[in-house]
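I have placed the structure first, in the form of C-alpha cells, so that the comments after it can refer back to it.
Coordinate-derived values only; no laboratory data. Predicted model, so just to flag it, every value in this text is computed and none were measured. A quick note on method: Cβ atoms are made from the backbone with ideal geometry, for glycine too, and the neighbour counts reach across all protein chains shown.
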Amino acid sequence: MNKFNYRLVSRVMGSLMLIESIVLLVICLIPLIYGENDAYYFLKTSGICLVFAGLALIISRNPSSNIGKREGSVIVTFTWIIFTLFGLLPFWLSGSIPSFTDAFFETMSGFTTTGSSILNNIEELSHGMLFWRSLTHWIGGLGIIVISLAILPVFGVSGTQLFAAETTGPTKDKIHPKINETAKRLFAIYIALTISETVLLKLGGMNWFDALCHSFATIATGGFSTKQASIGYWDSGYIQYIITLFMILSGINFSLYYFGLKNKWQKIRENEELRYYLIVLFTFAIIVSWSLVDFSKVQSFQPLEKAWRDALFTVTSLMTTTGFVTADYMFWKPLTWVILLIVMLTGASAGSTSGGIKMIRVVISAKAIYYEFKRLIHPNAVFPVRYSKHLVREDIVTRVLAFTLLYLIVAAFGILILAISGMGFLESIGGLITCLGGVGPGLGLVGPAGNFSYIPDFSKWFLSFIMLIGRLELFTVLLLFTPTFWKN
C-alpha cells in the first residue's frame, strides 16, 4: 500500500474550506438586506476560513495524484469536522449561541442534517443566523463532498474514493460513468426540488425567507425551522401537506428521479426499496392515525382529517429523518412511541438525504433471515437472496448484516453511555437513536416539545460524535480508529 498522501488530502481540504469561505461571504448579504448588524461576524469567519484554506493549499503544492480509501475516509470525516468548527463561529462570536459546546452541537447537527437543537429562542436569532443555520442542512444534505465534486472539480484525480466514502447504502446507482458528472446530475435534481418546494410554500402563505429556509431543511431531511414551534407554527393543512410531500420525495433514492427523466421507468417499477419504503410509511401512518381518533366522539370529518394529517406528517418526518413536528407525540399512546422508534431506526432510501439504517438494508437483512430459516428446513437447497429481481452477492449480504449489527451495537452502547452521563433513561434512548439516525427530536425532555439544551456538556460532545458517525454510516469514521487502517 502507498504512503498516506497528506499533500493531496491538504489540497482537497483547502479547496473545500475555500468553498465554505465563499458561502460565508455570500451570507453577508442577508443581514444587509434585512438591515441587521451581524454581517461582520460572517465576514470575519469568511476571512479566517480563507486564511486556513490558503495555508492548506500552500502546504499541498505538487501533490501526488494517488488517492485511496484512507485518504477518502480522512477527507470525508474531517470535512464535516472542519466545516463545523468554522461554521459555528458566526453563532459563537456574535453571542447568538454563547457556549462553544452548544455552538458546536448546533452546527454539527446542521451539517449532518440531524436537526437536534439546543436553542430555546429560535425566533430571537437574526435573519442571517437563521439563514446560515438552515443552509448548513442544505450543504450537508446531499453531501459536502458530492456538491463539491459537482461545482468545483479541483482534485485533478478521480473522486471515486471520496464519492464511495460519502454516499450511502450497500449499492450505488451510477447514472454516469464519471463521478463528477454523477454529482452534477444529483445536484441539479437537489436544486430543482428545493426551488419547487420554495415556490409552493410561498403560494401557501409563507414569506420567501421562511419558504426557502424550510425548503433547505426539507430537501436535506434536516429539520431546522425558523420557528420554535416548528411547522406547528403554521396552522395550515396546505403547508403541512406540501412539506409532507417533499419529505416523502426527499426520502427516495435521487437516482430514480434521473431514471424517470430518462424514461427508464422499468428501473423505478423494479425498485423494491421504493416499494417497501412507501408501504411501511403509509401502513404506520394509518395505524398511528387510527390510534389518535376517539371514534365515540367523532361527529364530523375534521377530527379524522387532523388525525391523519398529524400521523402522516409525524411518521414521514421521523422515517425520512427530517425531524419537523406539528404535534407533541409524547402525549400520544405509548404504542405510537414504539412505531416512531422503529421508523427512526429504519430510515428511508439509500441514495437519499435521509439517515437511519436505510430500507434497502432492512429488506436485504429480512430476506437473509427468512432464507436462513428455509435453509434450516431444507439444508441441501440453495436459496439466493434477490433484490429488485437481481441476485445479491454474498459479500454484499454479509456487509449489510454487519452494518445492521454494528448499528444496533453502537445504539446499545451509546444509550448506556448517555444514561451514565446523567441523562434520563427515556431521553437516553430517544437522544441516541435520533442523533445516530440524523432524525432530530427524540423522546421525553428531548422530544418534539423539548430540546437538548439541558443535557450535560459531555453528552452534547458525545452526541455530536454520534451524529458524525451516523451521517457517514459508521465504517467511514470508525475505520480511522483501527491500527490496520494506518499501516502501509
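Mean residue ellipticity at 222 nm from the helices of the chain, using -39,500 (n - 2.57) per DSSP H segment of n ≥ 4 over the full residue count, to the nearest 500 deg cm²/dmol?
Per the formula, -20500 deg cm²/dmol.
Work through the residues other than Ser10 whose Cβ is under 11 Å from its Cβ and net out their charges, Lys, Arg +1 and Asp, Glu -1.
Neighbour charge sum, excluding Ser10 itself: +2.
Assuming R0 = 22 Å, can you tell me the calculated FRET efficiency for the pair Ile377 and Leu406, based on Cβ-Cβ distance, to the nearest 0.05? Write out the running numbers ahead of the final one.
On the way: r = 29 Å, r/R0 = 1.32.
Once rounded, the FRET efficiency stands at 0.15.
Would you mind getting me the FRET efficiency between Asn62 and Trp486? Use the beta-carbon distance for r and R0 = 22 Å, nearest 0.05.
After rounding to 0.05, the efficiency reads 0.40.
Arrange the following residues from fewest to most other Cβ atoms within 10 Å of their Cβ: His390, His214.
Ordered by Cβ neighbours within 10 Å, fewest first: His390, His214.
Could you work out the mean projected area of the convex hull around the alpha carbons of the range 175-328, in square nanometres to one decimal?
If I average the Cα hull's projected area over directions, I get 10.5 nm².
Percent of alpha carbon pairs in the range 1-55 separated by more than 12 Å?
Tail fraction, whole percent: 65.
Using modelled amide H (1.01 Å from N, peptide plane; none on Pro or chain starts), what sits under 5 Å from the amide H of Tyr387, excluding residues fewer than 5 places away?
The list, which skips near neighbours in sequence, is Val392.
Size of the dipole of the chain about the Cα centre, Lys and Arg at +1 and Asp and Glu at -1 on the beta carbon, nothing else charged, in debye to 20?
1920
Over the Cα atoms of the range 1-102, Rg to Rh with Kirkwood Rh, two decimal places?
Numbers: Rg = 16.0 Å, Rh = 14.8 Å.
Radius of gyration relative to Kirkwood radius: 1.08.
Relative contact order for the chain using alpha-carbon pairs under 8 Å, separation at least 6, rounded to a whole percent?
Contact order relative to length: 17 percent.
Please give me the summed charge of the neighbours of Ser289: other residues whose Cβ is under 10 Å from its Cβ, Lys and Arg +1, Asp and Glu -1.
Net local charge, Ser289 excluded: 0.
Which three semi-axes in whole Å describe the equivalent ellipsoid of the range 273-396, each the square root of 5 times a Cα gyration tensor eigenvalue, listed largest first? Walk me through the numbers on the way to the answer.
Numbers: eigenvalues 248, 54, 27 Å².
After diagonalising the Cα gyration tensor, the semi-axes are 35, 16, 12 Å.
Rounded, prolate or oblate: which fits the range 324-379, taking a ≥ b ≥ c as square roots of the Cα gyration tensor eigenvalues, rounded meaning a/c under 1.5, else prolate when a/b beats b/c?
Oblate, since a/c reaches 1.5 and b/c is not below a/b.
Please work out the FRET efficiency for the pair Asp294 and Ile81, using the Cβ-Cβ distance as r and a Förster radius of 56 Å; give the result to the nearest 0.05.
The formula returns an efficiency of 0.70 here.
With a point put 7 Å past each Cα toward its Cβ, work out how far Leu29 is from Ala366 in nm, to one decimal.
Placing both labels 7 Å along Cα→Cβ, they lie 4.7 nm apart.
Under Stokes-Einstein, with the Kirkwood radius over Cα pairs standing in for Rh, what whole-number D in µm²/s applies to the chain at 4 °C and 1.567 mPa s?
56
With respect to the cross-link table entries Lys202/Lys460; Lys202/Lys333; Lys184/Lys262; Lys44/Lys202; Lys367/Lys389; Lys69/Lys487, which display a Cα-Cα separation exceeding 24 Å?
Lys202/Lys460; Lys202/Lys333; Lys44/Lys202
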